[in-house]
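Written out below as structure tokens is the structure these notes cover.
The values are calculated or read from the model by the stated rules, or taken from the named source; none is laboratory data. It should be emphasised that the depicted structure is a prediction, and the values quoted were computed from it without experimental measurement. Using ideal geometry, Cβ is built from the backbone for each residue, glycine included, and neighbour counts are taken over all protein chains shown. Please note that ligands, DNA and RNA were not included when accessible areas were found on the heavy atoms of the full protein model with its side chains. Shrake-Rupley method; radii C 1.70, N 1.55, O 1.52, S 1.80 Å.
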Amino acid sequence: MNAPNFPRAALRTDITASLVVFLVAVPLCVGVAVASGVPAELGLITGIVGGLVTGLLPGSSLQVSGPAAGLTVLVFTAVKDYGLPVLGVVVLLTGLLQLALGALGLGRWFRAISLSVVHGMLAGIGLVLIAGQLYALGDRKAPGGGTSNVAGLYDLAVGVLASPPALAASAVGAGTIVVMAVWKRVPRRVRVLPGPLVAVGAASALTAVFDLPVRRVEVSGLVAAVQPPAVGEFSRLADAGLLATVVAFTLIASAESLFSAAAVDRLHDGPKTHYDKELMAQGAGNTVCGLLGALPMTAVIVRSAANVQAGARTKLSRVLHGVWLLLFAAMFPGVLGLIPTAALAGVLVHAGFKLLPVRELGPLWRDHRGEAVILVVTAGAILITNMFEGVLVGLALAVVKAAWEVSHVHVDVADPGEGRVRVRIQGNATFLRLPRILDALENLPAGRTVELDLAGLRHLDHACLTALRSWADQHNAHIVQSGHVPSVA
């Protein structure tokens, strides 16, 4: 494989973006690992592989990969049921299956995703991120899922106000958010440093100087955390439940990565994703993660959006973010230990707000109300369930909306007052519009001869065909049709 060619003009912006993504990646790697019931170091290893392996491969240039929040429940269940040593086997097979799916050209099918679903996915992930990280701002543990986190916000506020250490942590996190929010207003020459880096650096310095009683990032050595799967663990694949787990990992990891790719492509004007190659890149990353006994990976929309918004122009930024993770986690874990977790939570809350389409939702509601409904429903479904199921709900709603819109039918009644009544039906006569068609026919004058003109129909489904036959037989109607419409006489 030829070494990638990174334009010199993009070097500075890509380095800056990589630092921003690194700061976003650290809490995500650690948090996903802890929520999955495995050591925090395994999440960092997956993040490193996402940068140094998947990041170098072709597919998507700006999408960033790492441990998958959408697979947290599956990983937790798999580790609980089969043990941590089997995790490497599951992730390894997941990677190999993804490589096969990409080689078969199945990745391109994930391009069929509605724009409103994409925006709803971004909004839903933003809401989940904010709801979960508000707890980390106060050095508290989130209850669990999106709805549980939202329901517990009142108790969180009461608990934080009653605890001086929690108030101190909240102040650190809130200060981090404020610095990032105002950083874009400072003089341009000062903005050479990325806002998140300045905010986290300042929070770390103040925490150390004043010796604030807040939690800090805890990372031990990575080498000891690497546990390649033993040969004997592969015999567990005779268990049908474990094979089902591998299939579930493969489907969800692939869907999340390629749905994320569709969303990231909407955020920038650069080269778009080659879906089959991206699926194979994800497969290669998961294969390596499996060999190292680490967590499964997907493309992560939060990191990817942060990467684009920070001005990244090539894949160099995502590769460098893996370098920073490796450098600090493997060589300088003590440096990460200086960072308060509340500051990193502030970075994630700020990133979550940037995913919410606050300005776009109003005009979308006025001009395209159906698309706005799909966006809101998708976001809400992700908050209530998870990203994979929420996107499926959004896609289903988008398909229903499209089916409804393409089934337009016009029923024109020409009644001269006496004699024959002529009814002309045009458009697409589907079961969705059948009530309207039958209502128009039932309201025709009784006792009159009726001529049904179906020559203007582009499509007539079986339900309408049967209903029109029945109505014509009952009312002795004469039917006029063109050759491409199924016979109803």
(request) Return yes or no: is VAL288 modelled with pLDDT under 90, part of a helix (DSSP H, G or I) and in contact with a helix residue (DSSP H, G or I) (Cβ under 9 Å, 6 or more places away or on another chain)? (result) no
(request) Could you please give the count of residues in segment 47-65 that are surrounded by fewer than 24 Cβ atoms within 10 Å (Cβ to Cβ), modelled with pLDDT of 90 or more and outside any helix (DSSP H, G or I)? (result) 2
(message) Among the residues of segment 209-217, are any within 30 Å of VAL89 (Cα to Cα) and in contact with a helix residue (DSSP H, G or I) (Cβ under 8 Å, 6 or more places away or on another chain)?
(response) yes
(message) Condition first: of a type in the set (A, V, I, L, M), touching a His at 6+ places or on another chain (Cβ under 8 Å) and farther than 11 Å from LEU320 by Cβ. Now tell me which residues in segment 10-58 satisfy that.
(response) ALA25
(request) Kindly list, by first and then second residue, each pair from a residue in segment 199-213 that is farther than 22 Å from VAL20 by Cβ to a residue that is assigned to a helix (DSSP H, G or I) and at pLDDT 90 or above, limited to pairs with Cβ atoms under 8 Å and residues at least 6 apart or on different chains. (result) LEU212/ALA168; LEU212/ALA169; LEU212/VAL172; LEU212/LEU206; PRO213/PRO164; PRO213/PRO165; PRO213/ALA168
(message) Consider segment 428-443. How many of its residues are modelled with pLDDT of 85 or more and open to solvent by less than 20 Å² (accessible area, probe 1.4 Å)?
(response) 2
(message) For segment 209-229: of the residues being surrounded by fewer than 13 Cβ atoms within 10 Å (Cβ to Cβ) and of a type in the set (A, V, I, L, M), which is farthest from THR46 (Cα to Cα)?
(response) VAL209
(message) Take the residues in segment 400-427 that are more than 19 Å from ALA477 (Cβ to Cβ) and hydrophobic (A, V, I, L, M, F, W, C); name whichever of them is modelled with the highest pLDDT.
(response) VAL400
(request) Give VAL413, VAL400, VAL406, VAL421 a once-over and let me know the one that is farther than 30 Å from ALA224 by Cβ and either touching a helix residue (DSSP H, G or I) at 6+ places or on another chain (Cβ under 6 Å) or crowded, with 16+ Cβ neighbours inside 10 Å (or both). (result) VAL421
(request) Please work out which residue is farthest from GLY124 (Cα to Cα), limiting yourself to segment 66-93 and to residues that are outside any helix (DSSP H, G or I) and at pLDDT 85 or above. (result) GLY83
(message) Every residue in segment 127-174 that is outside any helix (DSSP H, G or I) and not basic (Lys, Arg), please.
(response) GLY138, ASP139, ALA142, PRO143, GLY144, GLY145, GLY152, ALA162, SER163
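Would you point out which residue out of PHE249, PHE259, PHE234 is assigned to a helix (DSSP H, G or I) and either open to solvent by 40 Å² or more (accessible area, probe 1.4 Å) or free of Cβ contacts under 8 Å to residues at least 60 places away in the same chain (or both)? Break it down stepwise before answering.
Working: PHE249 fails: either open to solvent by 40 Å² or more (accessible area, probe 1.4 Å) or free of Cβ contacts under 8 Å to residues at least 60 places away in the same chain (or both); PHE259 fails: either open to solvent by 40 Å² or more (accessible area, probe 1.4 Å) or free of Cβ contacts under 8 Å to residues at least 60 places away in the same chain (or both).
Selected residue: PHE234, the only one of PHE249, PHE259, PHE234 that is assigned to a helix (DSSP H, G or I) and either open to solvent by 40 Å² or more (accessible area, probe 1.4 Å) or free of Cβ contacts under 8 Å to residues at least 60 places away in the same chain (or both).
Is it the case that VAL358 is modelled with pLDDT under 85, out of contact with any helix residue (DSSP H, G or I) (no Cβ under 8 Å at 6 or more places or on another chain), over 30 Å from ALA477 (Cβ atoms) and β-branched (Val, Ile, Thr)? Lay out the reasoning, then the answer.
Values: modelled with pLDDT under 85: yes; out of contact with any helix residue (DSSP H, G or I) (no Cβ under 8 Å at 6 or more places or on another chain): yes; over 30 Å from ALA477 (Cβ atoms): yes; β-branched (Val, Ile, Thr): yes.
In short, yes.
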(request) Considering (1) farther than 30 Å from GLN98 by Cβ; (2) basic (Lys, Arg); (3) open to solvent by less than 70 Å² (accessible area, probe 1.4 Å), say which one ARG303 fails and leave the rest. (result) (1)
(message) Just to check your reading of the model, which residue among ASN386, ASN443 is touching a residue at least 40 places away in the same chain (Cβ under 8 Å), at negative phi and not β-branched (Val, Ile, Thr)?
(response) ASN386
(request) Tell me, yes or no, whether segment 135-154 has at least one residue that is touching a residue at least 40 places away in the same chain (Cβ under 8 Å), over 27 Å from ALA208 (Cα atoms), hydroxyl-bearing (Ser, Thr, Tyr) and open to solvent by 50 Å² or more (accessible area, probe 1.4 Å). (result) yes
(message) Would you confirm whether or not segment 112-126 contains a residue that is open to solvent by 30 Å² or more (accessible area, probe 1.4 Å) and either at pLDDT 85 or above or under 22 Å from VAL246 (Cα atoms) (or both)?
(response) no
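Given the structure, is LEU44 modelled with pLDDT of 90 or more, on the phi < 0 side of the Ramachandran plot, assigned to a helix (DSSP H, G or I) and open to solvent by 30 Å² or more (accessible area, probe 1.4 Å)? Let's see the steps before the verdict.
Numbers: modelled with pLDDT of 90 or more: yes; on the phi < 0 side of the Ramachandran plot: yes; assigned to a helix (DSSP H, G or I): yes; open to solvent by 30 Å² or more (accessible area, probe 1.4 Å): no.
No: the conditions fail for LEU44.
Could you check segment 25-39 and list, in sequence order, the residues that are of a type in the set (Gly, Ala, Ser) and open to solvent by 20 Å² or more (accessible area, probe 1.4 Å)? If you could, list the steps in order and put the result at the bottom.
Of all residues in segment 25-39, those of a type in the set (Gly, Ala, Ser) come to 25, 31, 33, 35-37.
Once the filter is applied, which keeps residues that are of a type in the set (Gly, Ala, Ser) and open to solvent by 20 Å² or more (accessible area, probe 1.4 Å), segment 25-39 yields GLY31, ALA35, GLY37.
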(message) List pairs: first residue in segment 317-346 and assigned to a loop (DSSP other than H, G, I, E, B), second residue small (Gly, Ala, Ser) anywhere in the structure, Cβ distance under 8 angstrom, at least six positions apart or on different chains.
(response) LEU338/SER204; LEU338/ALA208; ILE339/ALA203; ILE339/SER204
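Within segment 378-430, can you find the residues that are assigned to a helix (DSSP H, G or I) and charged (D, E, K, R)?
Result: GLU389, LYS401, GLU405.
How many residues are open to solvent by less than 40 Å² (accessible area, probe 1.4 Å) and either touching a residue at least 12 places away in the same chain (Cβ under 8 Å) or basic (Lys, Arg) (or both) when one looks only at segment 184-197? Break it down into steps so the answer makes sense when it comes.
Restricting attention to segment 184-197, the residues satisfying the condition of being open to solvent by less than 40 Å² (accessible area, probe 1.4 Å) are 186, 194-196.
From what's left, either touching a residue at least 12 places away in the same chain (Cβ under 8 Å) or basic (Lys, Arg) (or both): 194-196.
So the count comes out to 3.
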(message) Residue under question is GLY88, and the condition is that it be more than 28 Å from GLY352 (Cβ to Cβ), within 22 Å of the chain's Cα centre (by Cα) and buried (at least 18 other Cβ atoms within 10 Å of the Cβ); does it hold?
(response) no
(request) Take the residues in segment 336-371 that are closer than 16 Å to VAL118 by Cα and of a type in the set (Gly, Ala, Ser), then tell me which one is surrounded by the fewest Cβ atoms within 10 Å (Cβ to Cβ). (result) GLY370
